[in-house]
Amino acid sequence: MNKQNILIYKLPELFNILNELQNHLDFIIHSFSEKEELLKFIDINSGNYLVLTNSENEIKEDKFQLILTKFPYTIYSIIENINVNLLKYKYYEQSDIIIGGYSIDINSRLIKKNDFSSKLTEREIEIIIFLKNSNKPQSIENLQKSVWGHHSDLETHTVETHIYRLRKKISETFHDDSFIKSTKTGYTI
C-alpha cells in the first residue's frame, strides 16, 4: 500500500516532532514554508495528500486540509486526527472513479451514468477496476489469478459467468453492449 503524504505548511516545530517519529507513522511527512512550493508539490503528486496547517495559514483553494485551531494539542491527538482525515480522504477518493464515461462509487457499490445507476457486487467492482488498470486485454487465467486469487489450471467458468452477468447488467441499465470488450487475447474496457 502506498503511504499518503502529509504536507505540513508553516509549522516547522510540528514537522520536527513528527520527523522524529517517522519510523512509527503510517504516512510520509513533508515540510513547506512557501505556498507556491506546496502547490507545486500538490500539482506534481496529485492525490494521496493532506495539508496540515493552522487557521492563519489555511489554503482556501484546497479541500484536503486539517486545520489545527487550538493549542496545545498532544502529539497523539494530532496523529489520531491525521489518520481520521486520511480515512475520510480515502473514502472520498473511492466515491467517484471515472471509467469509460461511467462513475463508479466503490463505497456504495454503484455504477452511474447520466440519470441511471446500477448496484454492483464487490467482485464486479474488482473486475472493472482490474480491467481499467490493465494496459492490454486480460485473459481468463489472469483474471482468475488477479481477481479471484486462483493459482491453478483448473477448468472453471467463473470468470466468464461473472463477465456475462456484468455485461448483461450494464446492457439492461445503460443500453451499452461495448463497456467490456472481448478480444482474441482477453477482456478489456
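The values are calculated or read from the model by the stated rules, or taken from the named source; none is laboratory data. What you are looking at is a predicted structure, and each value in this text was computed from that prediction instead of being measured. Here Cβ is always computed from backbone atoms with ideal geometry, including for glycine, and neighbour counts include all displayed protein chains. Ligands, DNA and RNA are excluded from the accessible area calculation, which covers all protein heavy atoms including side chains. Shrake-Rupley method; radii C 1.70, N 1.55, O 1.52, S 1.80 Å.
General remarks:
- Two-site FRET efficiency, LYS63 against THR121, from Cβ-Cβ distance with R₀ of 41 Å, rounded to 0.05: 0.85
- Normalising by residue count, segment 13-121 has a Cα convex hull of 153 Å³ per residue.
- Low-density loop cleavage sites - GluC sites (Glu not before Pro) in segment 90-189, where at most 16 other Cβ are within 10 Å (DSSP): GLU155
- Rounded percent of accessible protein surface that carbon and sulfur make up, segment 123-178, 1.4 Å probe: 45 percent
- Set of segment 82-102 residues, backbone N closer than 19 Å to the point 7 Å along the Cα-Cβ line of PHE130: 99-100
- Computed from Cα atoms, the angle from the helix 122-133 axis to the main principal axis of the chain rounds to 80 degrees.
- Charges were assigned to the Cβ only: +1 to each Lys and Arg, -1 to each Asp and Glu. The resulting dipole of segment 39-91 about its Cα centre is roughly 140 debye.
- The angle separating the long axis of helix 75-93 from the principal Cα axis of greatest extent in the chain is about 30 degrees.
- Straight-distance candidates among the aspartates and glutamates for linking to LYS35, with alpha-carbon spacing under 17 Å and chain neighbours fewer than 8 residues away dropped: ASP43, GLU56, GLU58, GLU61, ASP62.
- When the listed pairs LYS113/LYS184; LYS40/LYS60; LYS145/LYS184; LYS10/LYS60 are checked against a 25 Å cut-off, the alpha-carbon distance exceeds it for LYS113/LYS184.
- Once backbone amide H atoms are built at 1.01 Å from N, GLN65 has VAL51 as its partners under 5 Å, excluding neighbours fewer than 5 places away on the same chain.
- In order along segment 170-180, the phi-based Karplus estimate (6.51 cos²θ - 1.76 cosθ + 1.60, θ = phi - 60°) of 3J(HN,Hα) comes to 5, 5, 5, 7, 10, 6, 10, 9, 10, 5, 9 Hz; Gly and Pro are listed as x.
- Cubic angstrom per residue, convex hull over Cα atoms of segment 83-189: 112 Å³
- The alpha carbons of segment 61-107 occupy a box of 48, 23, 9 Å along the principal axes, longest dimension given first.
- Value of [θ]222 nm, deg cm²/dmol, for the chain, DSSP H segments ≥ 4, -39500 (n - 2.57) each, nearest 500: -11500 deg cm²/dmol
- Proximal lysines relative to LYS119, as straight alpha-carbon distance under 19 Å, when same-chain residues fewer than 8 apart are discounted: LYS132, LYS168, LYS169
- Our analysis of segment 8-47 gives Rg over Rh at 1.01, with the two radii drawn from alpha carbon positions and Rh computed by the Kirkwood formula.
- Of the GluC sites (Glu not before Pro) found in segment 14-48, the ones in coil according to DSSP and having at most 10 other Cβ atoms within 10 Å of their Cβ are GLU34.
- Extension gain, GLU160 back to LYS40 (0.36 nm per residue minus Cα-Cα distance, nm): 38.7 nm
- Filtered trypsin sites (Lys or Arg not before Pro), segment 35-125: DSSP coil and at most 13 other beta carbons within 10 Å: LYS60, LYS63, LYS70
- Between LEU110 and GLU20, the C-beta separation translates, for a Förster distance of 41 Å, into a calculated FRET efficiency of about 0.40.
- In summary, the aspartates and glutamates within cross-link reach of LYS181, defined as a Cα separation below 18 angstrom excluding same-chain residues under 8 places away, comprise GLU124, GLU126, GLU141, GLU160, GLU172.
- Mean projected area (nm²) of the alpha-carbon convex hull when segment 88-148 is viewed from all directions: 4.7 nm²
- The chain - Debye-derived log10 I(q)/I(0), Cα point model, q = 0.10, 0.15 Å⁻¹: -0.59, -0.91
- In the context of the full set of protein chains, segment 119-189 has a per residue accessible area of 64 Å² (1.4 Å probe).
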